[in-house]
Amino acid sequence: MSTDWRAWLWKTLGEQFNVPALSDCVLLVAGKKEEKKEKVYVHKLVLSLHSPILGRQLFSAHGAKQELDLSETERDIDTFTEFMQCLYDNGASITNDNVDTMLGLSRKYQVRWLQMRCLNHIARHFSNDDALYMVISEGY
């Protein structure tokens, strides 16, 4: 029974990601067109629980922010949206195609549990040589 409620919780939380009516914060990320910023709708509680970096940026000495502009550092809306989805679905959206970028972003934003999930995924799904290359290229 204890596993059922956890699965339900992560599924329900995952459904709340990027829903404007339910969010309490907007992240601005560089869009596909250079001059356009894309909006990613999130919850401050979720981000601050997972990432001390994002938590500090959202809850500064000047109060809680309703909007956080990450467009100077986050240049790929698709990759960043995938990363945010991982925070909302407990890493269920990690794949062989995105694990290296998810590992890099989890390091950048200090999401330790996601780093471990990515490393475990690499260990299970890649050859030793490929895994070593991926881990070294991410600075481990």
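The values are calculated or read from the model by the stated rules, or taken from the named source; none is laboratory data. Because the structure is predicted, anything quoted here is derived from the model rather than measured. In this analysis, Cβ positions are derived from the backbone assuming ideal geometry, glycine residues included, and neighbour counts consider all displayed protein chains. These accessible areas exclude ligands, DNA and RNA; they are computed on the full protein's heavy atoms, side chains included. Shrake-Rupley method; radii C 1.70, N 1.55, O 1.52, S 1.80 Å.
Report Ser106's accessible area, 1.4 Å probe, all protein chains in place, as a number in Å² to the nearest 10.
0
Just to check, using Stokes-Einstein with a Kirkwood Rh over alpha carbon pairs, what's the diffusion coefficient of segment 1-127 at 4 °C and 1.567 mPa s in µm²/s? Working shown, then result.
Details: Rh = 15.2 Å.
This corresponds to a translational diffusion coefficient of 85 µm²/s.
Within the chain, how many Lys pairs sit with Cα atoms under 20 Å apart, leaving out pairs fewer than 8 places apart on the same chain?
5
If packing is taken as the mean number of other Cβ atoms within 10 Å per residue, what is the order of 115-126, 83-94, highest first? Let's see the in-between values first.
Values: 115-126: 16.6, 83-94: 20.5.
In decreasing order of mean packing, 115-126, 83-94 become 83-94, 115-126.
Per residue, how many Å² of accessible area does segment 82-140 show with a 1.4 Å probe?
On a per-residue basis, segment 82-140 sits at 53 Å².
Using a 1.4 Å probe, how large is the accessible area of Asp76, given in Å² and rounded to the nearest 10?
For Asp76, the solvent-accessible surface is approximately 70 Å².
Provide, for q = 0.21 Å⁻¹, the log10 of I(q)/I(0) from a solvent-free Debye sum over equal Cα point scatterers in segment 54-140.
Each listed q maps to, in turn, -1.02.
Once ligands and nucleic acids are excluded and a 1.4 Å probe is used, how much of Lys65 is accessible, expressed in Å² to the nearest 10?
Its heavy atoms expose roughly 80 Å² to the probe.
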